[in-house]
Amino acid sequence: MNCRILAAFVFLLNGCAQSSADVAEFAHEWGQTRRGQRPAVQRKPCLLISSMRLSEISSRIAAANPAVFEGPLEISKFCIGVNGQLSGADARSNPETLTVEFSAQMLERATTDDQLAAVLSHELAHVALQHQGFGEIPPRAGTDALFLEIQAESKIIQSRIVELAKSKAEPEKIFALNAEFSVLLGKMNRRIDEIYGEENAHLNWIEQEADEAGAEFFVRAGFEKNAFVDILWATGKGEGEDRNACSLLVEAARTVGTAERRPLRGNKNHPTTCWRVFHLIVDEWIKAHSGQVN
């Protein structure tokens, strides 16, 4: 069995367990999001192309959020720059190495520093919250009895897979256990969706959390909040989305004061652009942080 797959299983089933000493100063609970974790940094040479623009913006964000970007997360320890091999309008982060990389096209697409700051804040949030990918377990699931019951059953299957892999057992036996594990994984994912009351929450809650926390970094640093919305639309992966129709949904929620009509969240590893914009403006800026955002 592929060792990387085994490692993914181990990470998925162990979840996000950590000691209280590992918890960062920054805290933001998902929906009402979760805590960050002190990174175990793997020092590597920074091979990205430096950018004065990115350097200045990252320093401004860090200065406005000192409780986050200190100690292990001191901004001078980050590797932030342009990756010439990265295609499209894209930006990525690696929490383990404190790396945030941008494509050249993303720097071009973000026409203002405020827009670039929005993208950078989102990626810095991934690092601050130590997002490690699909193996993350949303916080409420970690205390749900049914989820934990399914997870415990999955751990038994996982240990058997590891034993068989070590003993170089017949591949058919491992494949059969993999099939059992897949069924249990499906049950865990469905339970996460039930706990949060959101379809496909298990797929894209990490992006929601990075939007929430990143937007806080961004606003504290004094950037124009509308630029966050603009760059979401400029780089959104949703096809056929209508910004004007989305604005009507946001305005209706703002006027009536309720969120009865919400945009579809989508079933990709990123929520739809309209869902992200609606969540940011209505759930975060109007409701959760009313009075803190101009």
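Computed from the coordinates by the stated procedures, all read-outs in this text should not be read as laboratory data. Computed from a predicted model, the values in this text were never measured in an experiment. Counting neighbours? That spans all protein chains shown, and the Cβs are built from the backbone with ideal geometry, glycine included.
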Among the listed pairs Lys77/Lys287; Lys225/Lys268; Lys77/Lys166, those beyond 32 Å (Cα-Cα): Lys77/Lys287; Lys77/Lys166
Set of lysines near Lys173 by C-alpha distance (under 30 Å), chain-local residues within fewer than 8 positions excluded: Lys155, Lys187
Peptide ranges 172-181, 103-112 listed from the most packed, as the mean C-beta count within 10 angstrom indicates: 103-112, 172-181
³J(HN,Hα) computed for each position of segment 225-235 - Karplus, 6.51 cos²θ - 1.76 cosθ + 1.60, integer Hz, glycine/proline x: 4, 4, 5, 5, 5, 4, 6, 4, 5, 5, 10
Computed over segment 57-106, the ratio Rg/Rh where both radii use C-alpha atoms and Rh is Kirkwood: 1.02
